[in-house]
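A.B. asks: Let me begin by handing over the structure; questions about it come next.
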Amino acid sequence: MSESKRLFFALELPGEIQQQIVRWRAAHFPDDAGRPVAAANLHLTLAFLGEISAEKQRALIAMAGCIRQPGFTLHLDDAGQWLRSRVVWLGSRQTPRGLLQLANMLRAQAARSGCYQSPQPFHPHITLLRDTRHAVPIPSPGFRWTIPVETFALYESQFIRGRTRYTALSRWTLTDDKEQG
Ligand code: 2AM
């Protein structure tokens with residue numbers, strides 16, 4: 001790792017769930033509702049870090065490897081639109097305690113490393129559509145995806161030839177076993 005990178009910690013979604021979400025989105029939102037996030041890019045951000053030097057990347061990776069907590073289950077059973085940030089999102093009516101614990105730990109570690117801290121309060125969500133220009137009707141949550149969360153990852157965000165690409169650089173297993181991680 002020689003150069004600085006735009007990074008964030010996030011939960012990955014299983015490929016099958018990404019495809020189901022994309023099908024649900026296509027069935028419920030008109031084509032002009034906004035700019036759809038590509039299936040492979042659907043994720044839930046735990047901590048946005050911004051542009052990070054190689055030295056800080058090493059520190060963040062070492063600290064993330066020390067996290068010991070068990071996995072948890074995420075139910076995606078809520079959706080909404082934020083007009084100011086112009087996104088339509090999916091989320092949970094009740095955020096799992098494990099998700100908050102993990103995000104708080106990663107944010108505290110990032111703060112200790114002197115990384116960017118978002119001024120926004122943490123609202124866990126999966127962005128489905130960007131650049132929504134108007135209020136769009138949000139379908140009532142007749143959907144529910146249940147995701148066993150067993151890992152989290154450090155992602156690099158790149159903008160290449162007009163497309164956003166997220167690449168997982170490191171992955172950690174959620175376990176409270178002191179011998180693993
Ligand atoms: P968003 O989906 O709500 O836009 C990669 O860009 C990830 O980091 C996305 O999940 C994005 O959230 C989030 N992100 C980007 N800039 C951010 C910021 N300034 N504060 C918090 N999260 C941010």
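The values are calculated or read from the model by the stated rules, or taken from the named source; none is laboratory data. If you're wondering where the values come from, they're calculated on a predicted model, not measured in any experiment. All Cβ positions, glycine included, derive from the backbone under ideal geometry; neighbour counts span all protein chains shown. Side chains are part of the model used for accessible areas, which takes the heavy atoms of the whole protein and leaves out ligands, DNA and RNA. Shrake-Rupley method; radii C 1.70, N 1.55, O 1.52, S 1.80 Å.
A.B. asks: Please identify the pairs in which a residue from segment 113-126 that is under 20 Å from ILE61 (Cβ atoms) and open to solvent by less than 50 Å² (accessible area, probe 1.4 Å) has its Cβ atom under 7 Å from the Cβ atom of a residue that is more than 9 Å from the ligand (Cβ to nearest atom) and modelled with pLDDT of 90 or more, counting only partners at least 6 apart or on another chain.
C.D. replies: SER113/LYS56; SER113/ALA59; SER113/LEU60; CYS115/ILE52; CYS115/LYS56
A.B. asks: Give the number of residues within segment 52-99 that are in contact (Cβ under 8 Å) with a residue 60 or more places away in the chain, of a type in the set (Asp, Glu) and either over 16 Å from HIS123 (Cβ atoms) or outside any strand (DSSP E or B) (or both).
C.D. replies: Count: 1.
A.B. asks: Follow-up question, since we're still on this one. Answer yes or no as to whether THR173 is closer than 16 Å to LEU13 by Cα, in contact with a Lys or Arg (Cβ under 6 Å, 6 or more places away or on another chain) and among the hydroxyl-bearing types (Ser, Thr, Tyr).
C.D. replies: no
A.B. asks: Just checking, does segment 52-74 include any residue being within 29 Å of ARG133 (Cα to Cα), surrounded by fewer than 17 Cβ atoms within 10 Å (Cβ to Cβ) and out of contact with any Cys (no Cβ under 8 Å at 6 or more places or on another chain)?
C.D. replies: no
A.B. asks: In segment 8-47, what residues are part of a loop (DSSP other than H, G, I, E, B), surrounded by fewer than 21 Cβ atoms within 10 Å (Cβ to Cβ) and within 15 Å of the ligand (Cβ to nearest atom)?
C.D. replies: ALA38
A.B. asks: Scan segment 112-127 for residues that are within 12 Å of the ligand (Cβ to nearest atom) and outside any loop (DSSP other than H, G, I, E, B) and jot them down.
C.D. replies: ILE126, THR127
A.B. asks: Test of understanding: among HIS125, HIS134, which residue is under 18 Å from VAL37 (Cα atoms) and modelled with pLDDT under 95?
C.D. replies: After ruling out the rest, the residue left standing is HIS134.
A.B. asks: Next question. Working only within segment 128-144, note down all residues that are in a loop (DSSP other than H, G, I, E, B) and either surrounded by 13 or more Cβ atoms within 10 Å (Cβ to Cβ) or over 19 Å from the mean Cα position of the chain (by Cα) (or both).
C.D. replies: Going through segment 128-144, the residues in a loop (DSSP other than H, G, I, E, B) turn out to be 131-144.
Hits for segment 128-144 are THR132, ARG133, HIS134, ALA135, VAL136, PRO137, ILE138, PRO139, SER140, PRO141, GLY142, PHE143.
A.B. asks: Step by step: first the residues of segment 156-168, then only those that are in contact (Cβ under 8 Å) with a residue 60 or more places away in the chain and under 14 Å from the mean Cα position of the chain (by Cα), then the one that is nearest to the ligand (Cβ to nearest atom). Which residue is that?
C.D. replies: So, considering only residues that are in contact (Cβ under 8 Å) with a residue 60 or more places away in the chain and under 14 Å from the mean Cα position of the chain (by Cα), the one nearest to the ligand (Cβ to nearest atom) is SER157.
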